[in-house]
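Scroll down for the structure; my scribbles are underneath it.
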Protein chains: 2
Amino acid sequence: MTTAIEFLREKAARTDQALREYLASWRDVPDTLGEAAEYTLFAGGKRLRPALALGTAEIICGDDAVAMPAACAVEMIHTYSLVHDDLPSMDDDDLRRGQPTAHVKFGEAIAILAGDALLTMAFDIAARAGRSEIVRELAQAAGVAGMVGGQVIDLESENRHISLEALRHLHACKTGALIRVSVRCGGILANAGPEQLEALTRYGERIGLAFQIADDILDVVGTEETLGKPVGSDEAKHKSTYPALVGIARARELAREAADNAIDALKAFGPEADSFRALARFIVDRES
Amino acid sequence: MTTAIEFLREKAARTDQALREYLASWRDVPDTLGEAAEYTLFAGGKRLRPALALGTAEIICGDDAVAMPAACAVEMIHTYSLVHDDLPSMDDDDLRRGQPTAHVKFGEAIAILAGDALLTMAFDIAARAGRSEIVRELAQAAGVAGMVGGQVIDLESENRHISLEALRHLHACKTGALIRVSVRCGGILANAGPEQLEALTRYGERIGLAFQIADDILDVVGTEETLGKPVGSDEAKHKSTYPALVGIARARELAREAADNAIDALKAFGPEADSFRALARFIVDRES
């Protein structure tokens, strides 16, 4: 059986190759912009979202290559969101994964434009698959009722106590929607049937929740070395988190429950979905 | 014969209605984000790009409605680019069309996010047409070798003397690509034949050039009242312009030449293209 780490590594390596080929195909691009795009895209992310797109296609049709346009697109959208979230007028973060953030390295204007470029080109690569519904799903997940909306809610929730329900909604928009749509796009491109797509969508929603709770916990109990950023940064920014609202012990329980529910969503699938089951466990047990 | 002003007004009214219906269809969107999107989208733009998309479809198939998804998408992309260009780290403009810019009114974070949202949702609405090639054309025109690339070149050219050729390349990227693609998307959605599409693409390129030269001239000779922004702002920012490089008289000649060339590109079309001929004249003769 493939472990979750092996699964993620294999999908990350193939995604990286596809992303590098795509960047190499860019013509007449100002050097600074190309450098900033490459710097931010290859900053050592886990490639969770591409792994979900590719893994879903593998489960459905045995060939993950059909989902590569979606895998690259979700990673480019994820990367743009990090670049813009880190900006001085947003979260004002100087470090990400142990490296200077884009605006520290390239200046604020180029960071904004590199984010804009990644978001824009994500739709170019997504549209290569020739399926308009993928483009709409991605735009809606990344847009006003998804990721961008979630970031607005996040900014407006700083320094305020919010309910557990409000926190769940915030995360469902800010991080959940893109994780969910990674699975959905992989399924659509592999021609999943309606019931398969529904089951995998539930998996995506639940693994997204598990991931976010685990992330909140790591921000409290992780070490700066493994995280690549200062520990306790959520608390310093007065952001509401699961540990802050329900305590560490209960947050761990909620994360495990979400992972169990994610695995439960896969019950109609056989051993072909084992990598996704292992991934659900890994997400709540990881240390960085 | 319809005058250019009537043509623009009619297309603007229909585009505005479609944009309002689209915004009204947004659900679960934070109020601030919806307000910022509406404020920026309805700030009194001429809707040149939608008029080009709709007008092209009308010339080709007599029905401009087929191009409405592209018309809305290009205007949303254009609007996002203005919002981001106005930011303090970019052009640092406080006024646009006589009104406070988005970051002055809503703060920098919301301005960046509203721009991100407009760009993202542009691809949602474009994809409604069900044609992936439209999405790819739009992304490429708005992306690293188009609009975003042009903005990077523009920033890097400030306070430097650049050649006429370099200025032409800058504008072809920064403003030309989106004007050109407006025409192309309208043509593709109306099922234009290859020769028709090529002729209209040339029209789009030339009218884009005429528009930009005229814009540069207006920045020197216009009045603050008609422009809605301070006159001479290009010079104040040490931006290279056509009048600065070749003088006002020669710039006027070049604008008229570009308009003549745009009209010449339409020679295979009959009276159905008269509104586009009038538009080419109008663009170089307008006073705001």
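The values are calculated or read from the model by the stated rules, or taken from the named source; none is laboratory data. On a predicted model such as this, the values are computed, not experimentally measured, just so you know. When we count neighbours, we look across all protein chains shown, and the Cβ atoms used for this are built from the backbone with ideal geometry, even at glycine.
Pairing residues of segment A:1-27 that are under 15 Å from A:Tyr39 (Cβ atoms) with residues that are of a type in the set (A, V, I, L, M), at Cβ distances under 7 Å and at least 6 apart in sequence or on separate chains, gives A:Leu19/A:Leu41; A:Leu23/A:Ala37; A:Trp26/B:Val144; A:Trp26/B:Ala145.
I'm trying to understand the selection: among the residues of segment B:211-254, which are of a type in the set (S, T, N, Q), in a helix (DSSP H, G or I) and modelled with pLDDT of 80 or more?
As a first pass, look at segment B:211-254 and keep what is of a type in the set (S, T, N, Q): B:212, B:223, B:226, B:233, B:240-241.
Keeping just the survivors that are in a helix (DSSP H, G or I) gives B:212, B:226, B:233.
Scanning segment B:211-254 gives a single hit, B:Gln212.
For A:Gly98, the criteria (1) within 21 Å of A:Phe7 (Cα to Cα); (2) modelled with pLDDT under 95; (3) of a type outside the set (A, V, I, L, M, F, W, C) hold in every case but one, which is (1). Of all residues in segment A:117-133, exactly one satisfies the criterion of being part of a helix (DSSP H, G or I), more than 22 Å from B:Val148 (Cβ to Cβ) and either more than 7 Å from chain B (Cβ to nearest Cβ) or basic (Lys, Arg) (or both), namely A:Glu133. Per the listing B:Arg9, B:Arg49, the residue uniquely surrounded by fewer than 22 Cβ atoms within 10 Å (Cβ to Cβ) and in a helix (DSSP H, G or I) is B:Arg9.
Inside segment A:51-67, can you point out the residues that are of a type in the set (A, V, I, L, M) and in contact with a Leu (Cβ under 7 Å, 6 or more places away or on another chain)? Working first, answer last.
Taking segment A:51-67 first, the residues of a type in the set (A, V, I, L, M) are A:51-54, A:57, A:59-60, A:65-67.
Correct list: A:Ala51, A:Ala57, A:Val66, A:Ala67.
Looking across segment A:97-116 at every residue that is touching a residue at least 40 places away in the same chain (Cβ under 8 Å) and surrounded by fewer than 22 Cβ atoms within 10 Å (Cβ to Cβ), the one that is nearest to the other protein chains (Cβ to nearest Cβ) is identified as A:Phe106. Name the single residue that is farthest from the other protein chains (Cβ to nearest Cβ) among those in segment B:60-75 being under 17 Å from B:Ala13 (Cβ atoms), out of contact with any Phe, Trp or Tyr (no Cβ under 7 Å at 6 or more places or on another chain) and buried (at least 24 other Cβ atoms within 10 Å of the Cβ). That would be B:Asp64. Identify, please: which residue in segment A:130-152 is within 16 Å of B:Gly115 (Cα to Cα) and β-branched (Val, Ile, Thr) and is, among those, nearest to the chain's Cα centre (by Cα)? Result: A:Val148. Hey, any hits in segment A:160-168 for a residue that's touching a helix residue (DSSP H, G or I) at 6+ places or on another chain (Cβ under 6 Å), within 11 Å of chain B (Cβ to nearest Cβ) and in a helix (DSSP H, G or I)? No, the conditions are met nowhere in segment A:160-168. Identify, please: which residue in segment B:85-96 is within 22 Å of B:Glu156 (Cα to Cα) and in contact (Cβ under 8 Å) with a residue 60 or more places away in the chain and is, among those, farthest from the other protein chains (Cβ to nearest Cβ)? Here the answer is B:Asp93. Tell me whether segment A:151-158 contains one or more residues that are buried (at least 24 other Cβ atoms within 10 Å of the Cβ), within 14 Å of chain B (Cβ to nearest Cβ) and in contact (Cβ under 8 Å) with a residue 24 or more places away in the chain. Checked segment A:151-158: at least one residue is buried (at least 24 other Cβ atoms within 10 Å of the Cβ), within 14 Å of chain B (Cβ to nearest Cβ) and in contact (Cβ under 8 Å) with a residue 24 or more places away in the chain.
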